[in-house]
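Read the structure below first, then the notes.
The values are calculated or read from the model by the stated rules, or taken from the named source; none is laboratory data. Bear in mind the structure is a predicted one, so any value in this text is a computation, not a measurement. Positions of Cβ are backbone-derived with ideal geometry, glycine not excepted, and every protein chain shown enters the neighbour counts. Calculation scope for accessible area: heavy atoms of the full protein, side chains included, ligands and nucleic acids excluded. Shrake-Rupley method; radii C 1.70, N 1.55, O 1.52, S 1.80 Å.
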Amino acid sequence: MPELQRLRADHAPALLAFERENRAWFARTISDRGDAYFADFPARHRALLTYQDEGTDHFHVLVADDATTILGRFNLLDITDGEAELGFRMAESATGRGLATEAAQAVSHLAATDYALTSLRAQANLDNLASHAVLTRVGFTVTGETVLRNGRAGRRYVKELRHAL
């Protein structure tokens with residue numbers, strides 16, 4: 001069974017492989033990270049661990065049964081006043097099995113219990129039907145429409161955690 005793990009320094013090689021192998025897949029529905037992301041990956045990974053140590057963000061990876069392959073990322077970003085933004089992405093090979101829903105639910109639980117957050121926000125491109133389904137399944141509700149950083153139309157969501165336990 002895949003395992004959700006808090007991001008660590010030793011995840012860097014597998015995380016970079018995950019991002020490279022799925023780059024074209026991700027670009028279909030979310031912003032491409034750009035070439036600089038891959039060129040500067042070691043520094044970027046260290047920065048994420050620093051943010052995590054500072055408590056401004058919490059990063060998680062879904063690791064396959066082989067304990068080396070990353071199947072997904074589930075991040076709690078921009079933590080302020082008990083709120084954070086949930087962002088996630090799954091490897092193309094790991095879709096359609098309910099893994100994203102299970103991991104998003106687990107991260108929501110961690111947000112409420114381990115990180116003492118009271119609500120989560122999320123957003124997804126209108127054409128990213130899989131993300132909308134995951135968010136709905138784990139208890140997020142639609143709060144409105146938006147234009148995302150990539151210029152695409154999107155939908156905003158919120159999940160109150162006080163009642164999610």
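Every residue, every condition in (1) open to solvent by 60 Å² or more (accessible area, probe 1.4 Å); (2) over 18 Å from Phe26 (Cβ atoms), yes or no:
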residue	(1), (2)
Leu76	no, yes
Asp81	yes, yes
Arg89	no, no
Ser93	yes, no
Residue by residue through the range 6-20, note down the ones that are surrounded by 15 or more Cβ atoms within 10 Å (Cβ to Cβ) and more than 15 Å from Ala91 (Cα to Cα). Leu7, His11, Ala12
Which helices (runs of 4 or more DSSP H) does the range 1-99 wholly contain that include 1 or more residues that are touching a residue at least 24 places away in the same chain (Cβ under 8 Å)? 12-21, 23-27, 41-54
Note on the range 21-38: residues surrounded by fewer than 13 Cβ atoms within 10 Å (Cβ to Cβ) and on the phi < 0 side of the Ramachandran plot are Ala24, Ala27, Arg28, Asp32, Asp35, Ala36
Mind listing whichever residues of the range 124-165 are part of a strand (DSSP E or B), within 22 Å of Gly55 (Cα to Cα) and open to solvent by 70 Å² or more (accessible area, probe 1.4 Å)? Glu160
